[in-house]
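For reference, the structure is listed below as structure tokens.
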Amino acid sequence: MSLIKKSFSEYADTYDLYAAAQKKGALILKDEIIKSDLTCFTNKNILELGAGTGLLSEHLARIFKDSNLFFSDISCEMLSICRNKTDKIKNKNNYYFACDAGEFIKKKYFSLILSSFTLQWINDYLKAFENFYNSLESGGVLYLAFQGPESFPEWKESALELGLKYTANKMPDPEKLEKIFNKKFKKTEIFRKDIKLNYKSALDFFLSLKYIGASHKTGNTNLSRKDFLKLIRHWDKKTDNNIEITYCVWFFKGEK
């Protein structure tokens, strides 16, 4: 986890320039909050785990102006950027703290817990979910948005065409999580949205991962420089330098 912290901290200043999928995911989550009328959580304790540079946090600060908002992230550098954004919005109470989202727990304290594009960076995400659940008070709501294993099919296809390993990080299994969600929560909503982005080249796509700190490998598989360049050339050639990438994003809402 310390390597993930280092990676995100190193690229905190460039994150917002390259985090297109994360921005769209935050907007979808914001719209779901408004549609679900979670705005009724006034004067309540609300937690965002993995706030990053505040892409979702800014929306939360505007929606929940009379609530106690707790923003956390493993990277102090990212959390500082988040704080600069949200402090400009005059809220009743904002709180900031650095923590590992996978280990955090404060039993029955929060009315609403949210996490966007963070779950895929937690090794034991099922244990993390238990912590999230136990941190909710009765009647509280958990909202998760995370990348699923169906992401990046274009990358996978190009790698397999060359007989190369597909080296994207392993993503959380939505089926496993759905079973636990439906068992734990009295009400659930689960849906998938595919976010499609275009890049001028395969290298531009891989650089976009680097500049948000997401190029860190959570597994042991990696390509040699020679094979990586082979993949880039092949992918660019077959798409005429018009790369489309699919981010498969799962949205889970549970009411305790």
Total residues in segment 32-44, condition part of a helix (DSSP H, G or I), of a type in the set (D, E, K, R), over 16 Å from the mean Cα position of the chain (by Cα) and surrounded by 13 or more Cβ atoms within 10 Å (Cβ to Cβ): 0
Residue match in segment 77-85 (condition: outside any strand (DSSP E or B) and within 24 Å of TYR199 (Cβ to Cβ)): yes
All positions within segment 122-137 that are in contact with a strand residue (DSSP E or B) (Cβ under 6 Å, 6 or more places away or on another chain) and closer than 22 Å to PHE8 by Cβ: PHE132
Candidates LEU177, LEU197, LEU160, LEU164, filtered to the one that is within 17 Å of the chain's Cα centre (by Cα) and farther than 22 Å from ILE122 by Cβ: LEU197
Would you be able to say whether some residue in segment 183-204 is farther than 17 Å from GLU154 by Cβ, surrounded by 18 or more Cβ atoms within 10 Å (Cβ to Cβ) and modelled with pLDDT under 95? no
Take LEU29 and tell me if it is farther than 16 Å from ASP87 by Cβ, buried (at least 18 other Cβ atoms within 10 Å of the Cβ) and not charged (D, E, K, R). yes
Just need a number here: residues in segment 218-232 that are surrounded by 14 or more Cβ atoms within 10 Å (Cβ to Cβ) and not aromatic (Phe, Trp, Tyr). 6
So which of LYS193, LYS187, LYS170, LYS200 ends up being in contact (Cβ under 8 Å) with a residue 60 or more places away in the chain, among the charged types (D, E, K, R) and within 25 Å of TYR15 (Cβ to Cβ)? LYS193
Give segment 35-72 a look and list any residue that's free of Cβ contacts under 8 Å to residues at least 40 places away in the same chain and charged (D, E, K, R), or say none. LYS35, ASP37, GLU58, ARG62, LYS65, ASP66
Matching entry among TYR133, TYR143 (being in a helix (DSSP H, G or I) and within 28 Å of ILE33 (Cα to Cα)): TYR133
What is the one condition in (1) among the hydroxyl-bearing types (Ser, Thr, Tyr); (2) more than 22 Å from ALA19 (Cα to Cα); (3) assigned to a helix (DSSP H, G or I) that TYR95 does not satisfy? (3)
Residues in segment 6-22: is at least one at pLDDT 95 or above, on the phi < 0 side of the Ramachandran plot and surrounded by 23 or more Cβ atoms within 10 Å (Cβ to Cβ)? yes
Going residue by residue through segment 128-150, is there one that turns out to be surrounded by fewer than 18 Cβ atoms within 10 Å (Cβ to Cβ) and under 17 Å from LEU69 (Cα atoms)? yes
Test ASP31 against the stated conditions and say whether it is within 18 Å of ALA98 (Cβ to Cβ) and either of a type in the set (Phe, Trp, Tyr) or modelled with pLDDT of 85 or more (or both). no
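The values are calculated or read from the model by the stated rules, or taken from the named source; none is laboratory data. Remember, predicted model here, so these are calculated numbers, not experimental data. As a convention, Cβ positions derive from the backbone with ideal geometry for all residues, glycine included, and neighbour counts pool all protein chains shown.
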